[in-house]
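Have a look at the structure below before the remarks.
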């Protein structure tokens, strides 16, 4: 009888495993179809393998208890599991059982960084609606001239459709009342100033961090970072912000260059499908960060919602031959570095300040093969840090910065002959240097382990070599060993 009963219990365990596996796969297919299954295939294989191991372990444990007639042992194991669960639940802080990760507490304003499980199902259900962006990285050459033009974004909807808006059932509309204007339309820019129009579309898209590794980026204008905005001190900046109707979240924009509540964030919150316009006066020169500031702010920035705005002094900046736009950021994914498949944002890693990827312009290799100069060129780089946890120790291997605008201060003291400059999270810098010798110059965060996480780029310089500057054997090396 015991043998007969054990056999049936064992069969029941196997049937339960098979049933749950089919149920999970079917649910994923119903929610997102074959595309979602493709994105999650690595996770599914891992999960099914873990399920097989747990099923075999349970089967082994039951046979052991059954053969030894050790009911007290079975009871003791149950007490052990329950006790361990009680210990973990209180030692990890408040337990959010219906979010991912379950043990993430927050004392910041607004919602915590955890991902509610209902949002996971909403994301899976809408995955076919997300645009797939082939290359998320902003081209570092995309630096507007002194005359700023409105950046055009290819969209299929009309302006009337923007104004109608589409708000998903999972979101509550936000009404900002009559607080939209930071600067009245009648306000004029300073003498010789302009009204500069800036168009930002907030998008939630799918793109590859690296081949085979997909992430749900949130962006301004489909790139990380968003566009470099260039204005002059005294200009009026008129910002049109549109939240794409396929998005699942509220968004806004906070300009560090703006004086007023939230840097514009308080007047620019847009629901999916909604458009708003606000104006601010660029009162102080400098290079400033802008970013999404809807709580949880760190979550929005860690998905890629940041960029830079350059406010030039009225007299302008000194002329240079080349200008580049570089911005460091951090990505926090559930999978470890290099894990294939769709990667979900990991709030616990963000709270601990342990990014899986540290990038220049959105992804590893985002600056590769894009930056060129010639011997004798004077180069200026606008460099920002959209990271939510770490400062950047910006350095170019083989170059010395002739001039550094510390923390992007324009009008303050300049630094000269600098090897590495600090960029705080949410800050920026401007560096200038003349390239004197041809070759490849590697951009890094000199916390060098971050190069392995993706923070590197290459400036390629062409021209004639001067042996009085450097001479030697530049032959290739196999780089084996350490």
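All of the numbers you see were taken from the coordinates with simple rules; none came from a lab. As the structure is a prediction and not an experimental result, all values here were calculated from the model. Cβ placement follows ideal geometry from the backbone for every residue including glycine, while neighbour counts extend to all protein chains displayed.
Of 48, 248, the sequence from fewest to most neighbouring Cβ atoms within 10 angstrom is 48, 248.
Once R0 is set to 56 Å, what does the formula 1/(1 + (r/R0)^6) return for the Cβ-Cβ distance between residue 59 and residue 369, expressed as a FRET efficiency to the nearest 0.05? Using R0 = 56 Å, I get an efficiency of 0.55. Cα centroid separation, the range 205-264 to the range 296-357: 11 Å. Of the peptides 227-236, 24-33, the order by per-residue mean of other Cβ atoms within 10 Å, starting with the highest, comes out as 227-236, 24-33. Computed from the Cβ-Cβ distance with R0 of 45 Å, the FRET efficiency linking residue 131 to residue 8 stands at 0.30. When peptides 37-44, 306-313 are ranked by their average number of other Cβ atoms within 10 Å per residue, the highest-first order is 306-313, 37-44. Note on residue 79 and residue 320: the model spin-label points, each 7 Å out from Cα along the C-beta direction, lie 7.1 nm apart.
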